[in-house]
Every structure is written in structure tokens, then in C-alpha cells.
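Below is one structure, written out as C-alpha cells, with a few remarks after it.
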Amino acid sequence: MLSGLDPKKFSQGHFIVNDISKDLVDMERQKKGIASFKEFQSADLNQVHDWLFNISEARPIEEPLQSLTYPTSINLNPDQESAVLGALQAKDVFLIQGPPGTGKTTVIAEIINQATQDGKKVLLASQSNDAVDNALGKLSNSPHVRPIRRYGRSFNDPDPEAEKFLENNVVRDFFVPAIAD
């Protein structure tokens, strides 16, 4: 119910509009992206077209590691650790799927933690600002991770744990000015 409005008075000569134009623009952009991908017009790194349409074309992990190279920044259960190991060793693709609450965000954060200790750079992107914030929040105690979180088109208040990763806060939080002797 609309706060402070009498429904009987509101219905006389007034109407409510649900503007879905932004959703339609997003859907059209996604449709075009899928169409160009199907027609091999996107960047083709690691023969992505080959394995996306036939997963048997993805190169298997030849000598699987039994444990992570670096200490974890997050407590992982055995399934999560196995997922992190697989993702770090995959040559082409590694898919992680599971219902809400199974720790996918935790796994993503630990993959970033492990990869950055090897000096790799990571781009974390999502349809949802909250998903990025949640993963960054789990990395807040990783000293070698220096994420910068960009404001999205529909920026909401970031997770308090991820707030230090906002562009305006990164310099203040991560770089300590040199002390003159």
C-alpha cells in the first residue's frame, strides 16, 4: 500500500506506472551479446566457442594439486577447497554451481585470494552490486588483495566490509604516506 495515500481518493483520476524501460534495454543488450557470441564475433580467447558448446573440448586438469599453495584467508570446507583447487588449475573453464547458501561467494573470494598471491590480476563482475560487495567483504583481511570497487549504474549502499574498496577510499585505506626522516 502506498504510504499516506487514501486508495479511494488515489484511484480517482490517477494511475501508477511501472517503468521497465531499463530492464528492456538490459535484455536487448544481453540478446545482442548472445547472438554475436553464437556467430563467433566475440573475442575468442582459449577457444571459448569450442568448449562452451561442447564441454568435452575443454582441456582436463592433468596433474591435480592435492592442497592449496598458499594459506587460505577464509575457512573452507572440503568441497569448497576442492572447487578452489579446480578453478585455479583449469586451463579453459571451471563451472561452479549450487543453491544459495552453499558457499559459492566464499569460493570466489578464495580463488581471488590464491590467484593474487601468484601475482595474477582478477576482474570480478556480476549483475548485482551486492554479489561483488559480498566477495570483496570476504577479502578485507587479505593484505595482498587491492580491489577497487567501481560504482555501478544503480549503485546501492555497499556492504560495510567492502566500503573500503570504493574508488574514493582505496588511497586512504591502502597507501600509507611516506614518513620523512
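No value in this document is a laboratory result; all are computed from the given coordinates. Fair warning: this is a prediction, and the values are worked out from it, not measured in the lab. For neighbour counting, all protein chains shown are included, and Cβ atoms are generated from backbone atoms with ideal geometry for every residue, glycine included.
Modelled spin labels at residue 30 and residue 69, positioned 7 Å past Cα toward Cβ, are 3.5 nm from each other. Per the Debye calculation on segment 90-129 with a single equal scatterer at every Cα and no solvent contribution, log₁₀ I(q)/I(0) for q = 0.13, 0.14, 0.25 Å⁻¹ amounts to -0.32, -0.38, -1.09.
Peptides 105-113, 65-73 ordered by packing proxy, namely the average of other Cβ atoms within 10 Å per residue, highest first: 105-113, 65-73.
Students often get this wrong, so check it: of 138/164; 31/121; 104/138; 91/121, which have C-alpha atoms separated by over 18 Å? The answer is 31/121. Amide H to amide H distances under 5 Å link residue 166 with 149, where only residues 5 or more positions off or on other chains count and H is placed in the peptide plane.
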